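The values are calculated or read from the model by the stated rules, or taken from the named source; none is laboratory data. Note that the coordinates shown come from a computational prediction; the quantities given were computed from them, not determined experimentally. We place every Cβ from the backbone using ideal geometry, glycine too, and count neighbours over all the protein chains shown.
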Amino acid sequence: MSSLLLIAGLVILLTVLLGLVRILRGPGDTERLMAAQLLGTGGVAALLLLGSAIDLTGATDLALLLALLAAFAAVTFVAGLGAGPAGAPDGRRGSAPDVRGEGDSPASQ
Amino acid sequence: MSVADAFTAIFVLLGAFFFIAGWVGLVRFPDTLSRLHALSKADNLGLGLVVVGLLPQASWPFGALKLVALWLVAVLVGGATAQMLAGAIQARAGEAGDRVAAAAGTDAAPAVDDGPGAPR
Amino acid sequence: MPDFPLPVPLWADIPLALALLVLALWLTATRRDRAAVIGFTGYGLLAAIAWVRLGSVDVALTEAALGGGLMGLLLLTAAARLGERADQPRPAMPVRLLVGVLCLGVTLALAAVVLSLPAPAPNLVAAVAANQAATELGNPVAAVLIAFRAVDTMLESVVLALAVIVLWSFGADRAWGARPRTLDLGPPSPALMLLGRLLPPLGLIVGVHLFWTGADHPGGPFQGGAVLAAMAALLWLARLGEPPPVSDGLTRVGIVIGPLLFLLIGLAGAVIADAFLAYPEGLTKPLILLIEAAKTLSVAVALALLVAGPPELPAPAPARGETAAEPGGTV
């Protein structure tokens, strides 16, 4: 049983590691974020399987933490885009410069 | 194998299958929204099936409760995150369309950089 | 079904190690800040898994809490402030080659040192295990942090408080007393607001659980505090609350209470238990838990404020008039 769980955990981990190719290639930051999300979810699954297989204390806690913070990474990215629902005005804010940088003209058009 | 072990084996393998399917989708689907769809499947189904499969192996009651709590977090958060990302994708696509339509001689490049291999 | 000896055989770690290397190389090579930040978040996740494989779940928890969450946010806001970089000239090729060679040299030197250590490497594990019973803690990491090397931990809490003060000093003089606004990144989408309502209660439970369980299992006040700080940052990003102004008294108490309590208990130990930071018999566990609770609170407040940034004055009225009515009050 524990060997099966270990193999499954390894397979899942391998799969999401292969998702790194999306991080490297893109195109576009959204794909990279999605690959990071897949990495997080796969990491959670692999950790749960590993923890169950070798009876590792704290593995479930770590998995819980990863699940929470994978969402946080996505929040960070979207907030950083300064984008709202389609049609909403994009990021206006105090004195900080436009976060969508990289060749875009400032938000106030 | 006991019933519990068979149950675990089936569900864990199903979960692993959905992770592989999610990865294939993420790498091979043509555009961002469909890749997001694949990611959601891996998130919800992959992790959910793995958690369900591990329930018989967990200590009772708190180990199993923690697993269920983790699954709830993953499902709720996965859904909201996918909506959020889809909103962001739509917004950027909309802006790219607006910018192209309103190109007034400025050389501001479109905000969307998920065209094929646009080096920035 | 093949029967592996437990733990996992070494070759199964090769994909993880390769992925870490490849991702690290890509991170240093990429020119785009936001892509690098996302890659860094993924790198933090992989590093956390690597720490689990190395047997240290406590460090993995810290790596996940900080690298996966708060550092990504910090780096993203920093990248936003730096803004457009296209006008900066790339460094000359000889300089880049030199930097690459030096980094490679440092890496090889470190690898040589680590690989030449005698196996098993000399360490204090046996000494800790022998004396752990006196601290009534089941987690050896916690015993070392709070009891055997308590001075280091106390000084680290002080360093966190100092870091917040230094960050605040970056604000303009006339902005003193205002709220930090680095996390003011624009109107949140409805899904973000939903997450801002869903996650923080869960994160609160997880954070307190991590602190409490750290006495006997992997965890501890730092990891718990980091999760709480991440939830506070989420609330601020979702515009469900605002960072407190830097002149807020309760916030300042929150920053200071951890190190202060630690210091006071340490001084009391000098009087009651004949050494600085010694805990009297019978009161050991309650005192340790008290110190850790205060430390969790302070770490949470300090990390959240470090992410929130220096105080800034609000922009002129038109830009801010269109945002939804900001719920007042602090988090």
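Based on what the data block shows, is C:Gly67 surrounded by 19 or more Cβ atoms within 10 Å (Cβ to Cβ) and more than 8 Å from chain A (Cβ to nearest Cβ)? Judged against the criteria, C:Gly67 is a match. Residues in region C:232-254 that are assigned to a loop (DSSP other than H, G, I, E, B) and within 14 Å of another protein chain (Cβ to nearest Cβ) were compared, and the one that is surrounded by the most Cβ atoms within 10 Å (Cβ to Cβ) is C:Pro243. Count of region C:181-222 residues, restricted to those that are assigned to a helix (DSSP H, G or I), of a type outside the set (Phe, Trp, Tyr) and within 19 Å of the chain's Cα centre (by Cα), is 13. Considered as a group, the residues in region C:243-268 that are of a type in the set (Gly, Ala, Ser) and farther than 25 Å from C:Arg181 by Cα include one that is modelled with the highest pLDDT, and that residue is C:Gly258.
When C:Gly171, C:Gly225, C:Gly203 are screened for being within 11 Å of chain A (Cβ to nearest Cβ) and either at pLDDT 90 or above or more than 21 Å from C:Pro245 (Cα to Cα) (or both), only C:Gly203 passes.
I need the helices (runs of 4 or more DSSP H) fully contained in region C:19-88, keeping only those with at least 3 residues that are within 19 Å of A:Ala45 (Cβ to Cβ) and β-branched (Val, Ile, Thr).
Qualifying helices (runs of 4 or more DSSP H): C:33-53.
The conditions of being at the interface with another protein chain (Cβ under 7 Å from one of its Cβ atoms), within 19 Å of the chain's Cα centre (by Cα) and of a type in the set (Gly, Ala, Ser) are met by A:Ala36. Please verify whether region C:87-95 includes one or more residues that are over 30 Å from C:Phe148 (Cβ atoms), among the aliphatic types (A, V, I, L, M) and surrounded by 10 or more Cβ atoms within 10 Å (Cβ to Cβ). Yes, some residue in region C:87-95 is over 30 Å from C:Phe148 (Cβ atoms), among the aliphatic types (A, V, I, L, M) and surrounded by 10 or more Cβ atoms within 10 Å (Cβ to Cβ). Looking only at region C:166-184, decide whether some residue is free of Cβ contacts under 8 Å to residues at least 40 places away in the same chain and under 23 Å from A:Ala74 (Cβ atoms). Scanning region C:166-184, I find at least one residue that is free of Cβ contacts under 8 Å to residues at least 40 places away in the same chain and under 23 Å from A:Ala74 (Cβ atoms), so the answer is yes.
Counting the residues of region C:166-180 that are loosely packed, with under 13 Cβ neighbours inside 10 Å and outside any loop (DSSP other than H, G, I, E, B) gives 3. Pairing residues of region A:11-33 that are at the interface with chain B (Cβ under 7 Å from one of its Cβ atoms) with residues that are surrounded by fewer than 24 Cβ atoms within 10 Å (Cβ to Cβ) and among the polar types (S, T, N, Q), at Cβ distances under 8 Å and at least 6 apart in sequence or on separate chains, gives A:Gly28/B:Thr32; A:Thr30/B:Thr32; A:Glu31/B:Thr32.
Pairs are defined by a Cβ separation below 9 Å, a sequence spacing of at least 6 or placement on different chains, a first member in region C:279-300 that is farther than 9 Å from C:Gly258 by Cβ and modelled with pLDDT of 85 or more, and a second member that is surrounded by 24 or more Cβ atoms within 10 Å (Cβ to Cβ) and among the hydroxyl-bearing types (Ser, Thr, Tyr); the pairs so defined are C:Lys285/C:Tyr279; C:Leu287/C:Tyr279; C:Ile288/C:Tyr279.
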